[in-house]
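The values are calculated or read from the model by the stated rules, or taken from the named source; none is laboratory data. Treat the numbers as computed from the prediction; the structure is a model and nothing was measured. Here the Cβ positions follow ideal geometry from the backbone for every residue, glycine too, while neighbour counts run over all protein chains shown.
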Amino acid sequence: MIYQVLSELKVRTDYGETEVHPGQVINASPEKAQLLIETGKITPLEVQSNVQDIETPIRDVANMSLDTFPEANLEVKVESSVLGEVILFVSNDKMAKGLKDKGFVVYTADELKDIVKFNPDTEALKRIHEVKQVFKGSEVVQ
């Protein structure tokens with residue numbers, strides 16, 4: 001799940017201890033977040049779509065090609081079992097900017113195309129995601 005930080009925290013990651021500041025967005029399992037919610041340090045954050053009226057049925061989105069996705073102006077929230085958290089896929093850089101500025105880890109259609117070409121195994125995919133988490137605003141490039 002995605003949470004907004006309400007007060008300064010120190011957290012342990014695979015890269016060591018890091019500080020998280022109010023206003024930043026973090027991903028955490030509900031179990032790990034529970035105490036932080038109860039003590040008022042974080043609050044759950046719902047991701048709202050930028051698209052007001054989505055007429056595209058979900059099956060059409062699921063069957064959409066990566067060549068079509070950039071023009072669809074969609075924001076797709078996915079709960080990844082591989083990464084163990086919620087990730088966001090967006091059609092283009094313009095849509096990604098606002099979400100990245102809020103601290104979300106976002107993948108654009110172009111990044112998804114590059115990842116598909118790279119065809120990473122599970123561990124490589126986790127490393128790609130970790131880089132995007134640590135280096136906010138970073139992009140996957142070929």
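Output the residues belonging to the range 101-127 that are assigned to a helix (DSSP H, G or I), surrounded by fewer than 19 Cβ atoms within 10 Å (Cβ to Cβ) and not acidic (Asp, Glu).
Across the range 101-127, the qualifying residues are Leu112, Lys113, Ile115, Val116, Lys117, Phe118, Thr122, Ala124, Leu125, Lys126, Arg127.
When both residues are 6+ apart or on different chains and their Cβ atoms are under 8 Å apart, which pairs have a first residue that lies in the range 116-128 and is among the polar types (S, T, N, Q), and a second that is modelled with pLDDT under 85 and surrounded by 10 or more Cβ atoms within 10 Å (Cβ to Cβ)?
Thr122/Val82
Just to be sure before I move on: is Glu139 part of a loop (DSSP other than H, G, I, E, B), within 14 Å of the chain's Cα centre (by Cα) and of a type in the set (Asp, Glu) in the structure I sent? If you could, list the steps in order and put the result at the bottom.
Numbers: part of a loop (DSSP other than H, G, I, E, B): yes; within 14 Å of the chain's Cα centre (by Cα): yes; of a type in the set (Asp, Glu): yes.
Yes: the conditions hold for Glu139.
Condition first: outside any strand (DSSP E or B), touching a helix residue (DSSP H, G or I) at 6+ places or on another chain (Cβ under 7 Å) and crowded, with 17+ Cβ neighbours inside 10 Å. Now tell me which residues in the range 63-84 satisfy that.
Once the filter is applied, which keeps residues that are outside any strand (DSSP E or B), touching a helix residue (DSSP H, G or I) at 6+ places or on another chain (Cβ under 7 Å) and crowded, with 17+ Cβ neighbours inside 10 Å, the range 63-84 yields Phe69, Pro70, Leu74, Leu83.
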